[in-house]
Amino acid sequence: FCFISLVLLLVWRTSLTRIDTHLSETSVDYNSSMMIMLRHLRVSQQIILLAVVLAISFPVAASVVSLTEIQQLVTTLKGDDERLFRWDATEHTHSQQSAGACKNLEEVATLLTTTSAFNDELLAAAADYSLLCITDNPLNRAKLSQVPDIHKAIVDKLIKSSTNTALPALGGHLVYSATYTNEKNHQTFFEQGAVEALAEVIMDDDKTAIPVQKMYAAAALQNLAASYCETVDDGTCYWEWTATDEHIQLDPHSLPLHSDATAIRKRILEIPGLVDELIELACHGPIGHDEENEEDLVMPGSNALADAHGLKEEMVTWAAMATLKNLVLEPTAKKIGEHALSCACLLKESHDWLEEAKAFDFLHHMRRGDDPCFLSGDGVSICIDDSFLDEGYYHCDEYEGVSKEDCEATLDKITGVTAEVACCECGGGLHVDFTSDHDEL
């Protein structure tokens, strides 16, 4: 294009020179309209010629990273990391990030906004590269957040894709990683409809979503439903119960609040059927609850592989519980959360650290203690401590060995309920019967 423009300009210049010579020979007045127009044309020609020369010398930054090059960069960054769920960067990926493998992040991320939604291969490669660059890397998350229209592109072209099973999973994974402790990503994904798009994947009305898509959709909802604070090192908000507040409070050491997810949690709770589906998915676990040999288990938190285990339904359980544990931060969600208590008690005993950790946080956010679950010896029933916190800041799980008189006399300062009614150790609590596969919970 620049070459053709240069040729045309040279032809134009030659023509103007001939016209100028002809007018000079005919003694045309220098101030005539013809001569003034000719001078303007010469100035315009010089300006355009200069622009073409500059364009040739300093070409506008256009994408020069090919699909093959992006795929090679993905291989370089990933190394031998074939985990189904990459929640952190390996030492190898960290070293490659630092060595310059992510210098093309903004350029490649821009491809997600400009590439056709039907170019699955390029979209997948660009998404995978962007994901590897932002994982465990706040600086690169910030760079991604500045790419124009990137949030809308991830929602519309990846999460909503129906042409390639890899794209919705990559989209969910990108939201999961990009949202963490980054206010712009956190709030802009919400504004661009990520909650609704992820909910569609999870509820899967047309029965086309595969487990890995649901896992990443739920993982993304977890991080969208989390608030972020100015805490040192990790940006996580920590929550606590007091004996005087009816609702859970931010730990003062977490303040100030950096990115509030209240509106996001409320929107998730408004979507018909979504919370019910999350509870059902959370109750599929725990992994290996009927297995004795832990070495044979496939767990998303450790040995689940991307190419081998993406179709396993049990990969979704931890992520569903992860979303629920953040949703119950909302006071209006506490009653709904009661339906997942039994499942959380079972997940808390999981072999997989992801299931165990998310269940533990869920129970804490539901105003239970560290160990509120008492499984019967025959495995067919469970007693769960009710919500209880006395004036000494003791939950029910700290009432082991307390006398009957103290159980009767000690009250929850908020609800007025006695330990005798609320605590399993005192003969109270919630008693649930279920089968070994807990399908009826």
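Assigning unit charges at the beta carbon (Lys, Arg +1; Asp, Glu -1) and nothing else, what dipole magnitude in debye, to the nearest 20, does segment 332-441 show about its Cα centre?
Numbers: 8 positive and 26 negative charges, 94 e Å.
Dipole about the Cα centre, nearest 20: 460 debye.
Note on segment 370-431: with charges restricted to the Cβ of Lys and Arg (+1) and Asp and Glu (-1), its dipole about the Cα centre is near 180 debye.
Placing a pseudo-label 7 Å from each Cα along the Cα-to-Cβ vector at residue 207 and residue 378 gives an inter-label distance of 3.7 nm. Gain on full extension, evaluated as 0.36 nm per residue between residue 411 and residue 116 minus their Cα-Cα distance, stands at 99.9 nm. Label reach from residue 260 (point 7 Å along Cα→C-beta): in segment 226-245, amide nitrogens under 19 Å belong to 226-231, 236-240.
Taking a 21 Å limit on the Cα-Cα distance, which of the listed pairs 78/214; 78/184; 325/348; 266/325; 160/214 fall beyond it?
78/214; 78/184, as the Cα separations exceed 21 Å there.
The slack in the chain from residue 80 to residue 142, taken as 0.36 nm per residue of separation less the alpha-carbon distance, amounts to 19.7 nm. Subtracting the Cα-Cα distance of residue 67 and residue 245 from 0.36 nm times their residue separation leaves 58.5 nm of extension gain.
When the dipole is taken about the Cα centre of segment 139-223, and only Lys, Arg (+1) and Asp, Glu (-1) are charged at their Cβ, what size is it in debye, to the nearest 20?
Details: 8 positive and 9 negative charges, 69 e Å.
With Lys and Arg at +1 and Asp and Glu at -1, about 340 debye.
For residue 394, the accessible area of its heavy atoms, probed at 1.4 Å with every protein chain present, is near 120 square angstrom. Per atom type, segment 136-180 shows carbon and sulfur on 54% of its accessible surface, probed at 1.4 Å.
In the complete set of protein chains, residue-level accessible area for residue 159 is approximately 10 Å², probe 1.4 angstrom.
Return the loop-located GluC sites (Glu not before Pro) in segment 125-229 (DSSP other than H, G, I, E, B) with at most 15 other Cβ atoms within 10 Å of their own Cβ; answer none if there are none. Spell out each step's value before the answer.
Numbers: sites: 183, 191, 196, 200; in loops: none.
For GluC sites (Glu not before Pro) across segment 125-229 that sit outside H, G, I, E and B with at most 15 neighbouring Cβ atoms in 10 Å, the list is empty.
Peptides 139-148, 102-111 ranked from most to least packed by the mean count of surrounding Cβ atoms within 10 Å: 102-111, 139-148.
The values are calculated or read from the model by the stated rules, or taken from the named source; none is laboratory data. Just so we're clear, the structure is a prediction, and the values are computed from it rather than from any experiment. Reconstructed Cβ throughout: ideal geometry from the backbone, glycine too, with neighbour counts over all protein chains shown. Surface accessibility is based on the protein's heavy atoms, side chains included, excluding ligands, DNA and RNA. Shrake-Rupley method; radii C 1.70, N 1.55, O 1.52, S 1.80 Å.
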